1. Students often check this: by mean Cβ neighbours within 10 Å, which of A:130-136, B:347-353, B:119-125 ranks highest, and how do the rest follow?
2. Take the alpha carbon atoms of the stretch A:97-160, find their center, do the same for the stretch B:109-186, and report the distance between the two centers in whole angstrom.
3. Picking from C:GLU40, C:GLU109, C:GLU133, which is most flexible by a Gaussian network model of chain C using Cα springs under 10 Å?
4. In Å and whole numbers, how far do the C-alpha atoms of the stretch A:29-155 stretch along each principal axis, longest first?
5. Running a GNM on chain B with Cα contacts under 10 Å, which residue among B:LYS271, B:LYS62, B:LYS113 ends up with the highest mean-square fluctuation?
6. How crowded by other chains is C:122-131, given as the mean number of beta carbons from other chains within 10 Å of each beta carbon?
7. When the helix-only estimate is applied to the protein assembly as shown (DSSP H runs of n ≥ 4, each -39,500 (n - 2.57), divided by the residue count), what is the mean residue ellipticity at 222 nm, nearest 500 deg cm²/dmol?
8. What number, in percent, do you get for the relative contact order of the stretch C:39-167 if the mean sequence gap of Cα pairs under 8 Å and at least 6 apart is divided by its residue count?
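Please treat every number below as a calculation from the coordinates, not as lab data. It should be emphasised that the depicted structure is a prediction, and the values quoted were computed from it without experimental measurement. Backbone-built Cβ (ideal geometry, glycine too); neighbour counts: all protein chains shown.
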Amino acid sequence: MTFLDRTTDARKFRHWEGNVEADYIYTSGVAGERFFVALRDDGRMLASRCPACKLDYLPPRMFCEDCFAELTEYVDVPQAGRVAAVTLAHVDRTGTKLSNPQVWAFVTFEGIRGGLVHRLLVTPKQARAGMAVRAKLKPRDARTGTIADIEGFEPVRSRF
Amino acid sequence: MTKVGVIGAGMTLFRRRLQETGKELCFEATKMALDSAGITRGDVDMVVCGTAPDAFDGVAMKGEYLLDGSGGFRKPYTRVFTGGGTGVFSTIAGWWHVASGLADVALVVNEEKMSSCQPHPQSVFANIWDPILDRPLKPNLVWIFAMEMNRYMSVYGVKKEDIARVAVKNKRNAVGHPCAQLADPNITVDDVLNSEVMAWPVQRLDISPPSDGASAVVLASEDFIRKRRIKDRAWVSGVGWCIDSTMWTDRDLVFPEYVARAAKHAYKMAKIDDPRRQIDFAEPYDPFDYKELHHLEGLLLADKGEAPVLTREGVTERDGKMPVCPSGGLLGVGNPIAATMGMKIGELFWQLTGQAGKRQIPHEVHTGVSQAWGDLMQYGSVVVMSA
Amino acid sequence: MTARISRWPGIELRAADLYDGKVTQTRFHPDAKYAWSAGEAMSRFLQELQNGRFIARTCHKCERILFPPRMFCEECFRPTDEWTYIHDTGTIETFSVSYLDTDAKRIAEPILVGVVSLDGASPRMGMMHYFGEMTKDDIRIGMRVKAEWKPAAERRGSVLDVRYFRPLREGER
């Protein structure tokens, strides 16, 4: 019975090493193209609007996930948003320890469904949910039409 | 069991590269399917999403990623995947939802965006092979099909030109398909035979192209169809699916037994005991031209080794006695793996409800069979539909 | 419906639209590394390749000799019973003459590759491998072949310990 007399010495087992080669280009899509072109060229952030559901989507979508209408109207996202949640990253995505922890935040905007996850440009001590923030963009000529055109979010003094 | 009908279908263009994201493609196909059925997302009880390995789109957990475009937001939602077999299998999964009585309306949405994968989806196809037995040999996916095709040709003495006729027929049929990527009204057998040899006996024009695209179908219970007075419907009368050994080098490469088993299951359910007489047309899976022949035999619509003869005699032309791939198939319309549902389930629906336009089979048809093939040359999924 | 729809969705891009950055896009290069455990059956199989032999497993219920070896019989759904050596000769079940390499790049000198069923295993139980010492014109289904092993010192416990399968020479069976 092989299941009973199975090998218990792991060194007897062999393994085979390899990698999975893959490389990708993701198009931004219909709504994504509107968003990233406005971000790159005009430094604006757009949301797509569903008039029927009275909803604005950020990042914009070309359809309403609820009523399933095609969305063609775009509106500006308010300058100031709020930090909904923060985390401190002590390692990068490969697991390597960072010399200084990075602050990351989920930023939401009043009246808008969704939000953006990005760097929060404050010290770990300053980072807290509820902060009023706005996007800090790279200079125009450094922007390429990706989410990295935003350097991160920085605090603003705001009315709320 | 509840009687289930297809009441709507939609699909996007099939192209080498599309700008839309995968979820946007899903939305476009789904919206079309819902509109054609005359219903809204609110009428949908459950959603099935069918899509191939995450590695093609380069999005992990692709089912999750596609859910909003597929109409799945806050609904019972499942992703299913049986490789290329998903093209027909996802409809079988949708059928469970309605046949069981759990749902009145189920939406099935299939998608593939293979152009994300650079420089060519071939690079991730390599990961399909067994990492220990096959991958050290640095195989190309075409090899496995070339080997199967060679064995089929050799055992039955099939000539390459008889296989090439399938590619010619399907690329010509695709001329009438508004979404087709590789339709060609003037293609000849010589064009196929003179095309680049990739892995003999497979040549460039024996193969369907990698594509971006999405397709969707709507399934509903007989009750719902009656209450809503839906006129355009085709009944799902039989379903079957089967998988062969995981050790591909141990398989019979000549006859797709797994397709035959799936077909027999579907035929029994549809009360078909003489498929050649009772089935009017077929949409077998044709990612390669020889596969249409292989699958016709597996579907018991031709004797073993006889499918090339039927093709040569014109039986499988759109105006022949048994039209095969009147849609133009994968060879003509394109091959966004799971989204090929548009030519398999979608085409059956459009043909059986008289909506196929330029592709409409000129004589009356009542019963059609569609089949998809997948995983690693071992999976058969079969759906029989009736007017 | 196909007759009723005037505009089918989908925005086609040309290669240049993508590669010249005419549409916005995001690139990603995953770096995925793996170590696949060979498991019990394959570990022994690889160890025996290093010894220059093919090994299979027998199932006493269906009386098959299973190759490649596995610790359970998928048909009888029970553990397999014994290890048994099989021969390094066999028959070409099918083959391809490939002008494509693994990345679909075109190559001038074709690769001969196919499935060999090995003598001593149950019918049609075999493996994929390369063929050598023959040309694309001599190779045929049904041809009798034998494994050409790498010298013992170069074998690593991999299917590549066999260079290729070559035609049987005179006197070989």
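1. Working: A:130-136: 17.0, B:347-353: 26.1, B:119-125: 18.6.
Averaged packing, sorted descending, gives the order B:347-353, B:119-125, A:130-136.
2. About 47 Å separates the Cα centre of the stretch A:97-160 from the one of the stretch B:109-186.
3. Of C:GLU40, C:GLU109, C:GLU133, the Gaussian network model singles out C:GLU109 as fluctuating most.
4. 47, 32, 27
5. Result: B:LYS271 has the largest fluctuation of those listed.
6. On the way: counts 1, 1, 5, 3, 3, 7, 11, 4, 2, 0.
Mean shielding by partner chains, rounded to a whole number: 4.
7. On the way: 18 runs with 164 residues, N = 720.
Computed mean residue ellipticity for the protein assembly as shown: -6500 deg cm²/dmol.
8. Details: 271 pairs, mean separation 31.9, N = 129.
Here the relative contact order equals 25 percent.
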